[in-house]
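Structure record follows, encoded as structure tokens.
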Amino acid sequence: METLPSARAELRPRLKIGEAATLTGVSPGRIRHYQAMGLVRPAQSVSGYRYFIAQDLVRILQIDLLRSLGMGLEEIRASLPGTADPKSLRDALERHREMLQVERARLDGLLAAVNTALAAPEASAETIAAFLASAHSTPRESLGIFGRLTKPLSEPAAASWQRILGSGWELPVHPAFGRMLLPPQVTEVLEQLAAAAGNEILFDRVRQLAVAIVALAQSSTPERAQLRKCAVDWVLSFESAPLPQEVQMALDRTVPRIRELEMLNQGFQLWAESISPVAATVLRLIHEEARARHYRVLGVLPAQGPSPRRQRHQEVANTP
């Protein structure tokens, strides 16, 4: 006698989560996570246990396969067979292929840097740091010795910054500082400055400041008055010879919004110390002079707006 459809359903193999984990090689904890996200929906019996059938195992294996390719769970959710049309999965895989190609290029760069470091006659910590820092100096993700970006630059902005930073910036900075992490808002500043008309004026002036500071650092015993004059002249130059309007507006819009600004400037202070104590002193004096004139400063770049002290006072005053 032919088995009724309802009876056939009852004869399907039903597995508990531990058994599903054993057969798929996916841990029970990970399967529960898939359940919590709604990626897998096993049936529930009268006794309250969750049971997995063949389709559930297929779904778990599909998810794990896509995860092994490096796809995120949200992306998997939008492209899983059965929850989206085949084109969605294809589009997701094409986007992911581009990401994998970028990651492969990054790993190739790391491998080349490690091989070069190991092949050097003296694989000192300094040598290895220099080689590894160079491996992370792709224009979209790094500013070389100035630090690496949390959020990559667009291709046009990266090309602009490669031109700016690739000419005449031979600063004696420890290469390890190329790994200093710059928050996402720094990318926004860099994007806006790259697009601002007249940005070359700003960076010519910054380059001249760098030359002056390095010269002071290399002199035998520079007087503190010389260091203060260098800092004061730098800050006052933005009043006596204002930057092009687009450049200053880009700084004013974005610099005051960087929450990590104080911590970031402390990082730049340490960065300057890697050049010399003189460079660190000039940088500190620039910040003191800027605060006295109610500027915010990113490194040495001033933005108009309330000083950190005044802003904190305002925030306290506005707190209910």
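The values are calculated or read from the model by the stated rules, or taken from the named source; none is laboratory data. Quick caveat, the model's predicted, so the values are computed rather than measured. Methodologically, a virtual Cβ is constructed for each residue, glycine included, from the backbone with ideal geometry; neighbour enumeration extends over all protein chains shown.
For V297, the conditions (1) under 16 Å from V189 (Cβ atoms); (2) assigned to a helix (DSSP H, G or I) are fulfilled apart from (2).
Could you grab me the full set of residues in segment 254-275 that are hydroxyl-bearing (S, T, Y) and surrounded by 17 or more Cβ atoms within 10 Å (Cβ to Cβ)? Let's see the steps before the verdict.
Quick first cut of segment 254-275, residues hydroxyl-bearing (S, T, Y) only: 254, 274.
Once the filter is applied, which keeps residues that are hydroxyl-bearing (S, T, Y) and surrounded by 17 or more Cβ atoms within 10 Å (Cβ to Cβ), segment 254-275 yields only T254.
Condition check ((1) at pLDDT 90 or above; (2) surrounded by 14 or more Cβ atoms within 10 Å (Cβ to Cβ)) across all residues:
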{"site": "E170", "(1), (2)": "no, no"}
{"site": "G198", "(1), (2)": "yes, no"}
{"site": "A217", "(1), (2)": "no, yes"}
{"site": "D252", "(1), (2)": "yes, yes"}
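Residues being assigned to a helix (DSSP H, G or I) and touching a strand residue (DSSP E or B) at 6+ places or on another chain (Cβ under 9 Å): count how many of those fall in segment 174-225. Steps first, answer last, please.
Of all residues in segment 174-225, those assigned to a helix (DSSP H, G or I) come to 175-179, 184-195, 199-218, 224-225.
Right, trim to touching a strand residue (DSSP E or B) at 6+ places or on another chain (Cβ under 9 Å) and you get 178-179, 184, 186-187, 189-190, 193, 202, 206.
Total meeting the criteria: 10.
Among the residues of segment 234-249, those identified as assigned to a helix (DSSP H, G or I) and loosely packed, with under 14 Cβ neighbours inside 10 Å are L236, E239, S240, Q245.
If you take the residues in segment 276-285 that are farther than 16 Å from F146 by Cβ and buried (at least 19 other Cβ atoms within 10 Å of the Cβ), which one is modelled with the lowest pLDDT? Steps first, answer last, please.
So the first thing to find is which residues in segment 276-285 are farther than 16 Å from F146 by Cβ, and the list is 276-278, 281-282, 284-285.
Keeping just the survivors that are buried (at least 19 other Cβ atoms within 10 Å of the Cβ) gives 278, 281-282, 285.
Values: V278: 89, T281: 92, V282: 93, L285: 94.
Restricting to residues being farther than 16 Å from F146 by Cβ and buried (at least 19 other Cβ atoms within 10 Å of the Cβ), the top hit is V278.
Taken together, L143, L111 contain a single residue that is of a type outside the set (S, T, Y), surrounded by 14 or more Cβ atoms within 10 Å (Cβ to Cβ) and either under 19 Å from the mean Cα position of the chain (by Cα) or at pLDDT 75 or above (or both), which is L143.
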